[in-house]
Amino acid sequence: MAFRTADDFENLAEINITPLVDVMMVLLIIFIVTAPMLVQGLQVDLPRATAAALPQKGPEPVVLTLTRDRLILLGDEPVHLKLLSGKLAPLLAGGPRPVYLKGDQQLPYGFVIDVLSTLNRLGVEEIGMVTVPPTGS
């Protein structure tokens, strides 16, 4: 039976980082591939206007996004027009809050009126229409 000396254990103290580098490269590739899939947003082509920005005062506004496919988003949550009043009522129960509409410029005017009439039935008194400044000015 042979005994090991201190010189034999010296080689075992080195760490092999090749497997660690392999795992990190695989994780990097996975993150590079999946990152663009995580940032998905709806394309809303806002109308252009030269109006000045409204001063921000009071409570945080509720933002409704209206897409050209007649989809209503309350924050990031899609809401059907018939269920909009049920979703908005708890948000507006704490007192008057402004509602900002981010509507696509290709959206039918009748659909915007339907949303505005729902907001009117809920007692919303302050409604803002979100636009972007015109280019080339």
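Condition check ((1) under 28 Å from PRO134 (Cα atoms); (2) loosely packed, with under 10 Cβ neighbours inside 10 Å; (3) modelled with pLDDT of 85 or more) across all residues:
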| site | (1), (2), (3) |
| --- | --- |
| ILE15 | no, yes, no |
| MET24 | no, no, yes |
| PRO36 | no, yes, no |
| GLY41 | yes, yes, no |
| THR50 | yes, yes, no |
| GLU60 | yes, yes, no |
| SER85 | no, no, yes |
| PRO90 | no, yes, yes |
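For the range 85-137, residues that are in a helix (DSSP H, G or I) and in contact (Cβ under 8 Å) with a residue 24 or more places away in the chain total 12. Being at pLDDT below 85, under 29 Å from THR135 (Cβ atoms) and more than 16 Å from the chain's Cα centre (by Cα) is a property that ARG70 lacks.
Scanning the range 91-131 for residues that are under 17 Å from LEU74 (Cα atoms), among the hydroxyl-bearing types (Ser, Thr, Tyr) and within 23 Å of the chain's Cα centre (by Cα) gives a single hit, TYR100.
The values are calculated or read from the model by the stated rules, or taken from the named source; none is laboratory data. Only a predicted model underlies this, so the values are computations on that prediction, with no experimental measurement involved. When we count neighbours, we look across all protein chains shown, and the Cβ atoms used for this are built from the backbone with ideal geometry, even at glycine.
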